[in-house]
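Let me begin by presenting the structure, written as structure tokens, before commenting on it.
The values are calculated or read from the model by the stated rules, or taken from the named source; none is laboratory data. Computed from a predicted model, the values in this text were never measured in an experiment. Please note: Cβ atoms are built from the backbone with ideal geometry, for glycine as well, and neighbour counts cover all protein chains shown.
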Amino acid sequence: MMSMKLLVRLIVAALALVLVAVATGASVVAYAWNTADVDTLGRVDFDRPLQIPPLETGTVTADGTRVFDLELQSGTTDLGHGPGTRTWGFNGSYLGPTLRAARGEKVRVDVTNHLGETSTVHWHGMHLPAAMDGGPHQTVDAGETWSPNWTVDQPAASLWYHPHLHGSTAQHVYRGLAGMFLLDDPAAATTPAGRALPREYGVDDIPLIVQDKQFDGDQLDAGAGTFSNVGTLGDEILVNGTPRPYLDVTTEAVRLRLLNASNARVFDFSLESGMQFDLVGSDGGLLEHPTPVSSVQLSPGERAEIVVRPRPGTRDVLRSTPPDLDVDFFQKRFSGGDDSFDILELRTSTVLESSAALPERLTTFEDLGEPSTVRRIDLNGTNMINGREMDMSRIDDVVPAGSTELWEVRNGSGTHHNFHIHDVQFEVVDATGTREDGALLAGRKDTVFVPPNTTVRLLVRFGDHSDPAMPYMYHCHLLRHEDDGMMGQFVVVGPDDAARVDGVTDHASPGGHGTHGG
């Protein structure tokens, strides 16, 4: 029988072990807390000219098809840690060219995969048939070529392309596979807005692909922090693959096409000087009116077009200050909500070429109609939608071609998300409980930020690209969440197609009504 003295010793020893474990855990949490936030304001030596991705307009065949060639390849790139950083890119070692096409044109993209492993290429924001969308069903195996083709039928906009391989999207984008796809509208080019907006690519019309990265030595490190539930957050910024970039401004106005191509980080862009700029476009193209703002917040996948008029002979810095994630203090620290970055220095010449004033109206939105159906989408945890993880063999929703629906997207989890729908540009009717920038939400969108315990209601009109056998996706665009299963599938069907769709779990409520807002 154990003596009382031995029992006391064992209890004391056990308590000591518990105290050591608690102290160790507290030390780990304290160290992680104290090292989790990043602040580079005023600490960046802007010593490299901003690289402008090459503009690719393709070749036009005899039947009028504009053809682009994209080759997925690996290589090494100097991202600020020497020339030996292993990266992936399109037609180069990192990122890809800016593709450009016009409304009404037939396009084809010959995508050849030299990576040695399977990937995909998704045309983010593009309205096109599901079989051409480049989602997880349109894989491109190593050594193979995929040639999607479609007719451009949407307003001028700043879109982008990136991989969408289920389970590996975050890894493929992080390695460098991304590029912009600019759409022009010949009819709009002759309007007052078309004539006034800066439009000389690389001179006064500048793409800015903004990404955060972290490094282990001279190599990219895609690891997520111990307490982060959003994915990889880096402590360095690349713009168009350029570390510590500066841009020489030579015109009175410069149009910056901002793309948040990060895996998980939310940016809140502003200028160091506090100067306002005009927000002129969002994901789906121009806003109806230019709107003076002092900042614009973008979650991963979102875009914004801004027109900046810096003073001659000055230097100003595009920066990101702590974004409003609307999460608790612990998640805020470990999800990037306390972070600040200097991103790009604008070096303005003393003598500037003149730029036109922006007109009061930029465009007029087409009425999307009244919704005939309410579709409810619940974002659960970090890996489920409507209580289910992504299943590529399951169709979650069936949408009639040409219909208008109201999608109610609710985030009941404790972490922030955003929400992207393939093939469409929607109208944000309202965003209950969020403090998202109203000016940005006034435009047509394909990706929207959804903080915890909020609901966004989206008016969505679907096109006539019906295909009962091939789905589009909807998902969180925090890429780790997407890879972990926070994604669903929907098919667009014609009147005779619905019976041909197998494995359906539909979340629509016929006859639903929503408030149509602007």
If you go through the range 80-97 one residue at a time, do you hit one that is at pLDDT 95 or above, under 28 Å from SER466 (Cβ atoms) and assigned to a strand (DSSP E or B)?
-> no
Flag if ASP430 is of a type in the set (D, E, K, R), crowded, with 24+ Cβ neighbours inside 10 Å and not assigned by TED's automatic domain parsing to the domain that holds VAL327 | no
Would it be correct to say that HIS164 is more than 24 Å from GLU288 (Cα to Cα), surrounded by fewer than 23 Cβ atoms within 10 Å (Cβ to Cβ) and modelled with pLDDT of 95 or more?
-> no
Out of LEU177, LEU183, report the one residue that is in contact (Cβ under 8 Å) with a residue 40 or more places away in the chain, outside any helix (DSSP H, G or I), under 22 Å from the mean Cα position of the chain (by Cα) and under 30 Å from GLY223 (Cα atoms).
-> LEU177
Quick one: GLY336 ticks every box in (1) on the phi < 0 side of the Ramachandran plot; (2) surrounded by 20 or more Cβ atoms within 10 Å (Cβ to Cβ) except a single one, so which number is it?
-> (1)
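Rundown of residues vs (1) over 25 Å from SER349 (Cα atoms); (2) more than 18 Å from the chain's Cα centre (by Cα), yes/no style:
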{"residue": "PHE269", "(1), (2)": "no, no"}
{"residue": "PHE277", "(1), (2)": "no, yes"}
{"residue": "GLY281", "(1), (2)": "yes, no"}
{"residue": "GLY285", "(1), (2)": "yes, no"}
{"residue": "LEU298", "(1), (2)": "yes, no"}
{"residue": "VAL307", "(1), (2)": "no, yes"}
Has the range 465-480 got any residue that is closer than 21 Å to VAL266 by Cα, basic (Lys, Arg) and at pLDDT 95 or above?
-> yes
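Matching residues to (1) among the polar types (S, T, N, Q); (2) surrounded by fewer than 23 Cβ atoms within 10 Å (Cβ to Cβ):
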residue: THR169; (1), (2): yes, no
residue: TYR174; (1), (2): no, no
residue: LEU182; (1), (2): no, yes
residue: ALA189; (1), (2): no, yes
residue: ARG195; (1), (2): no, yes
residue: VAL203; (1), (2): no, yes
Members of the range 314-332 found to be touching a Leu at 6+ places or on another chain (Cβ under 9 Å) and farther than 28 Å from ARG444 by Cβ, listed by number | THR314, ARG315, ASP316, VAL317, GLN331, LYS332
Residue pairs qualifying under the 6 Å Cβ cut-off, at least six apart or on distinct chains, with the first in the range 252-263 being assigned by TED's automatic domain parsing to the domain that holds ILE237 and the second being among the acidic types (Asp, Glu), are VAL254/ASP204; ARG255/ASP205; ARG257/GLU305; ASN260/GLU302; SER262/ASP212
Tally time: how many residues in the range 361-390 are within 17 Å of HIS477 (Cβ to Cβ) and buried (at least 21 other Cβ atoms within 10 Å of the Cβ)?
-> 4
Selection status of ARG480, free of Cβ contacts under 8 Å to residues at least 60 places away in the same chain and surrounded by fewer than 24 Cβ atoms within 10 Å (Cβ to Cβ) = no
Subset of the range 35-71 that is modelled with pLDDT of 95 or more, among the aliphatic types (A, V, I, L, M) and not in a loop (DSSP other than H, G, I, E, B) - its residue that is surrounded by the most Cβ atoms within 10 Å (Cβ to Cβ) | LEU70
With criteria (1) at pLDDT below 95; (2) in contact with a Phe, Trp or Tyr (Cβ under 9 Å, 6 or more places away or on another chain), GLU427 comes up short on (1)
So, in the range 154-168, of the ones that are part of a loop (DSSP other than H, G, I, E, B) and touching a strand residue (DSSP E or B) at 6+ places or on another chain (Cβ under 6 Å), which residue ends up farthest from PHE90 (Cα to Cα)?
-> PRO155
State whether one or more residues within the range 246-255 are under 22 Å from the mean Cα position of the chain (by Cα), among the aliphatic types (A, V, I, L, M) and closer than 30 Å to HIS127 by Cβ.
-> no
Please list, ordered by first then second residue, the pairs with beta carbon atoms under 6 Å, 6 or more apart or interchain, first in the range 215-242 and assigned to a strand (DSSP E or B), second aliphatic (A, V, I, L, M).
-> ILE237/ILE343; VAL239/LEU208; VAL239/VAL210; VAL239/LEU344; THR242/LEU50
Does the range 301-309 contain at least one residue that is modelled with pLDDT under 95 and charged (D, E, K, R)?
-> no
